[in-house]
Structures are given as structure tokens and as C-alpha cells.
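This report refers to the structure that appears directly beneath it.
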Amino acid sequence: MSSNPTQKCGVVAVIGPPNAGKSTLVNQLVGQKVAITSAKAQTTRARMLGIALHDETQMILVDTPGIFSPRRKLDRAMVSAAWDGASAADAVVLLVDPIKQRRHELIPLVEALEKRPERKILVLNKVDKAKKEPLLALAQELGETIDFAEVFFVSALTGDGVPEMKTALAGMMPEGPWHYPEDQVSDASERLLATEITREQLYAQLHEELPYDTAVRPESYTQREDGSVEIRQQIVVARDSQKPIVLGKGGQRIKAIGEAARAELSELLGQKVHLFLHVKVSEGWAEDKEVFEEIGLDW
Ligand code: GDP
Ligand code: MG
């Protein structure tokens with residue numbers, strides 16, 4: 001990291017209801033996958049930083065979990081991680097899915113955001129699917145409540161409109177030295193990223209069957225002498241009855257999950273990966289401090 005006087009560096013918090021496309025947008029801004037995405041709400045559990053570059057500007061993107069009404073301990077920690085991400089930000093992006101909207105989650109968020117001092121940017125996502133009129137109506141409605149510095153219409157999925165938005169965001173960042181080396185794309189350790197990739201496969205392959213109370217815990221991460229890496233992980237479910245769902249008939253399901261995760265990890269890490277998964281039943285894991293900290297949440 002040089003002390004180049006023209007460098008700029010700042011924090012962008014990306015907030016929005018679950019499923020708005022926050023993780024997809026962060027990946028698009030970074031230019032590679034740093035956060036897992038899913039059609040199922042609340043995939044992002046912990047706060048994760050993505051690091052994007054635009055000319056001399058480094059933007060630290062905080063991909064926050066969706067903010068919703070917290071019920072249990074796990075939910076509460078997710079919400080507080082979300083607001084932590086928004087404090088001290090140089091810009092807050094409110095990302096909205098104009099099709100689903102999720103107004104019961106969007107409106108409280110808008111009300112809370114109204115009182116905050118940060119510069120706010122409204123981003124309406126999924127323009128590849130949304131119809132124009134409701135999109136404009138929603139932008140106008142939200143603009144009447146909050147004084148947004150800018151409004152953008154993008155598709156986080158296809159990248160449409162994202163470069164313009166990225167340029168505008170970069171323009172809002174303060175002068176200062178970069179916080180991370182040029183080649184760093186996220187703050188997650190490879191060990192944690194590896195558990196996220198497995199969790200993404202669990203969502204992708206089990207869909208609605210997957211119990212909400214499922215976690216992936218890192219057990220070991222060992223570089224082998226032959227240049228490959230051996231990764232052991234535990235898939236934790238809350239009840240005995242959930243174990244066969246994850247295993248599948250004759251263990252076929254967990255095998256397919258492991259194979260897909262292994263292939264993706266190997267691609268991301270650029271080395272051969274040996275991935276060992278096993279399922280453990282642990283009734284109270286969602287109330288367990290150790291598990292919380294492992295998956296990057298504050299107790
Ligand atoms: P998050 O919960 O806000 O982080 O949302 P994700 O990034 O996980 O995305 C939720 C779902 O919306 C996933 O199925 C994404 O593929 C999808 N999605 C995100 N952005 C777009 C978009 O611009 N267009 C379309 N059609 N789908 C999108
Ligand atoms: Mg997400």
C-alpha cells in the first residue's frame with residue numbers, strides 16, 4: 001500500500017430487504033464472487049467485506065444481512081451485524097427489488113434510514129425483469145421520504161447500469177490511503193469462504209427442504225505437501241430428523257453437495273481441493289456462542 005496522495009478509500013454499506021440482490025451486487029462491484037447468493041431469503045449470515053477498485057479509489061463494501069424483525073438470538077445478531085455495517089459508512093446504498101418489494105421489511109428500513117446522517121443512494125435492482133412504470137413509481141415514492149443523493153436502476157445479475165453506479169460511488173469516497181492491498185477482494189479468510197461455498201450448495205441443492213437451523217462449521221484446513229488443500233467441515237443440523245434430508249438416499253445428496261462445493265472451491269482457490277463433509281446433530285447450536293463466533297457473528 002503506497003501513500004499515493006491521489007488515493008481515495010471509503011466504506012459503502014449495502015442494505016435492503018432479504019433477497020433484494022445485495023450479495024449479487026457486491027459480487028458485481030468487486031468483479032468476482034466474494035459473497036454467496038441464493039433465491040432463499042437470509043442466506044447472508046455474517047457481515048462480509050467485499051473490496052472493489054475504481055481507478056485510484058478503493059471501496060470497502062459491506063454486504064449486510066437483510067434487516068428484518070428479530071425473533072431469536074441468531075436473528076438478533078444478524079440484525080445488529082447489519083446496522084454495524086451501516087455505521088461509519090461514507091455512503092449507504094438502499095437496494096430494492098421492485099418486483100417483490102417486501103414492503104413489511106422495506107418500510108421500517110426506510111424509516112430508520114431517514115434519520116441517519118450518511119449519504120444515501122437508492123438503487124432499484126432487477127431491471128432485467130421489472131416493468132418500467134412500477135419501477136418509476138417506487139423510486140418516486142421512496143424519494144419523497146428520503147433525500148437520496150442519487151438514484152440508479154440496475155441489474156446486479158447482468159451488470160446492466162452497475163458501472164455508472166460504481167463510478168458515482170467512487171466519486172463519493174474521501175481521500176485517503178487504501179486499507180487493503182490491491183489484489184485483495186474480501187476480508188474473509190479462505191477457511192470461512194470455504195464454509196460459505198458449502199452453505200451455498202446446501203441452499204442450491206436442498207431448496208425449501210433445508211432447515212433454517214443449518215450451519216456449516218470449519219473443522220480443519222490443511223495445505224498438503226503436493227500443493228493441494230484438505231478441508232474438513234461439519235454440517236450442523238438441529239434435529240435427528242433433519243440428518244437424512246442432508247444425507248439423501250445412500251448418501252447421494254451430501255456427495256453431490258460436496259462435489260459441487262469442491263469443484264467451485266478448487267476454481268476459486270486455484271488449487272486442488274479435498275473436501276470432507278459430515279453431518280452432526282446439535283440441538284442448541286443456534287444458541288451456542290462458539291458456533292456464532294465461528295460463522296463471523298457477534299454473540
Ligand atoms: P440478498 O439476500 O439481498 O443478498 O440477495 P442475493 O444477492 O442473494 O439475491 C437474491 C436472489 O435474487 C438470487 O436468486 C439472485 O440471483 C437474484 N437476483 C439478484 N440480482 C438480480 C437481478 O438484477 N435480476 C434478477 N433477475 N435476479 C437477481
Ligand atoms: Mg446476501
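The values are calculated or read from the model by the stated rules, or taken from the named source; none is laboratory data. Worth saying up front: this structure is predicted, and the values here are computed from it rather than measured. Virtual Cβ from ideal backbone geometry, glycine too; neighbours counted across all protein chains shown.
Based on this model, can you work out whether residue 38 counts as more than 16 Å from ligand 2 (Cβ to nearest atom), farther than 21 Å from residue 166 by Cβ, modelled with pLDDT under 85 and of a type in the set (Gly, Ala, Ser)? Let's see the steps before the verdict.
Working: more than 16 Å from ligand 2 (Cβ to nearest atom): no; farther than 21 Å from residue 166 by Cβ: yes; modelled with pLDDT under 85: yes; of a type in the set (Gly, Ala, Ser): yes.
No, not satisfied.
Considering only residues that are closer than 22 Å to residue 25 by Cα, part of a loop (DSSP other than H, G, I, E, B) and among the basic types (Lys, Arg), which ones fall in segment 107-133?
Residues satisfying the conditions are 119, 126, 129, 131.
Going through segment 187-203 one residue at a time, which ones are of a type in the set (Gly, Ala, Ser) and either crowded, with 17+ Cβ neighbours inside 10 Å or under 22 Å from residue 283 (Cβ atoms) (or both)? Break it down stepwise before answering.
Keep residues of segment 187-203 that are of a type in the set (Gly, Ala, Ser), which gives 188-189, 194.
Result: 188, 194.
Looking at segment 50-63, can you tell me whether even one residue there is under 18 Å from the mean Cα position of the chain (by Cα), modelled with pLDDT under 75 and within 13 Å of ligand 2 (Cβ to nearest atom)?
yes
Going by what's in this entry, would residue 266 be described as exposed (fewer than 13 other Cβ atoms within 10 Å of the Cβ) and hydroxyl-bearing (Ser, Thr, Tyr)?
Numbers: exposed (fewer than 13 other Cβ atoms within 10 Å of the Cβ): no; hydroxyl-bearing (Ser, Thr, Tyr): yes.
Spelling it out, it is not the case that residue 266 is exposed (fewer than 13 other Cβ atoms within 10 Å of the Cβ) and hydroxyl-bearing (Ser, Thr, Tyr).
I'm told residue 137 meets every condition in (1) under 30 Å from residue 6 (Cβ atoms); (2) out of contact with any strand residue (DSSP E or B) (no Cβ under 9 Å at 6 or more places or on another chain) except one. Can you identify the failing condition by its number?
Unmet condition: (1).
Within segment 152-186, work out how many residues are surrounded by fewer than 17 Cβ atoms within 10 Å (Cβ to Cβ), within 16 Å of ligand 1 (Cβ to nearest atom) and within 14 Å of residue 91 (Cα to Cα).
Count: 0.
So which pairs qualify, if the first residue must be in segment 180-193 and touching a residue at least 60 places away in the same chain (Cβ under 8 Å), the second must be assigned to a loop (DSSP other than H, G, I, E, B) and of a type in the set (Gly, Ala, Ser), the Cβ gap must be under 9 Å, and the two must be at least 6 apart or on different chains?
185/31; 186/35; 188/35; 188/46; 188/296; 192/46; 192/296
Tally the residues that are out of contact with any helix residue (DSSP H, G or I) (no Cβ under 8 Å at 6 or more places or on another chain) and within 24 Å of residue 58 (Cα to Cα), restricting the search to segment 174-199.
Number of matching residues: 14.
Taking the condition crowded, with 19+ Cβ neighbours inside 10 Å and either of a type in the set (A, V, I, L, M) or touching a residue at least 40 places away in the same chain (Cβ under 8 Å) (or both), does residue 206 pass? Spell out how you get there, then give the answer.
Numbers: crowded, with 19+ Cβ neighbours inside 10 Å: no; either of a type in the set (A, V, I, L, M) or touching a residue at least 40 places away in the same chain (Cβ under 8 Å) (or both): yes.
Spelling it out, it is not the case that residue 206 is crowded, with 19+ Cβ neighbours inside 10 Å and either of a type in the set (A, V, I, L, M) or touching a residue at least 40 places away in the same chain (Cβ under 8 Å) (or both).
Answer yes or no: is there a residue in segment 17-31 that is assigned by TED's automatic domain parsing to the domain that holds residue 103, farther than 17 Å from residue 95 by Cβ and either assigned to a loop (DSSP other than H, G, I, E, B) or at pLDDT 80 or above (or both). I'd like the intermediate steps shown before the answer.
The first filter runs over segment 17-31 and keeps only residues assigned by TED's automatic domain parsing to the domain that holds residue 103, leaving 17-31.
Adding the requirement that they be farther than 17 Å from residue 95 by Cβ leaves 31.
With either assigned to a loop (DSSP other than H, G, I, E, B) or at pLDDT 80 or above (or both) added as a condition, the list becomes 31.
Yes - at least one qualifying residue is present in segment 17-31.
For segment 139-151: of the residues being aliphatic (A, V, I, L, M) and part of a loop (DSSP other than H, G, I, E, B), which is nearest to residue 90 (Cα to Cα)? Outline the logic, then answer.
So in segment 139-151, the residues aliphatic (A, V, I, L, M) come out as 139, 142, 146, 149, 151.
Next, only the ones that are part of a loop (DSSP other than H, G, I, E, B) stay: 146, 149.
Working: 146: 17, 149: 12 Å.
So the residue we want is 149.
Regarding residue 232, is this residue in contact (Cβ under 8 Å) with a residue 40 or more places away in the chain and not in a helix (DSSP H, G or I)?
Taking the combined requirement at face value, the residue satisfies it.
Identify, by number, the condition in (1) more than 16 Å from ligand 1 (Cβ to nearest atom); (2) at pLDDT 95 or above; (3) assigned to a helix (DSSP H, G or I) that residue 136 doesn't meet.
Checking residue 136 against (1) more than 16 Å from ligand 1 (Cβ to nearest atom); (2) at pLDDT 95 or above; (3) assigned to a helix (DSSP H, G or I), the one that fails is (2).
Of all residues in segment 235-265, which are outside any helix (DSSP H, G or I) and without any contact (Cβ under 8 Å) to a residue 24 or more places away in the chain?
From segment 235-265, those outside any helix (DSSP H, G or I) are 235-239, 248; that's our starting set.
The answer is 248, and nothing else.
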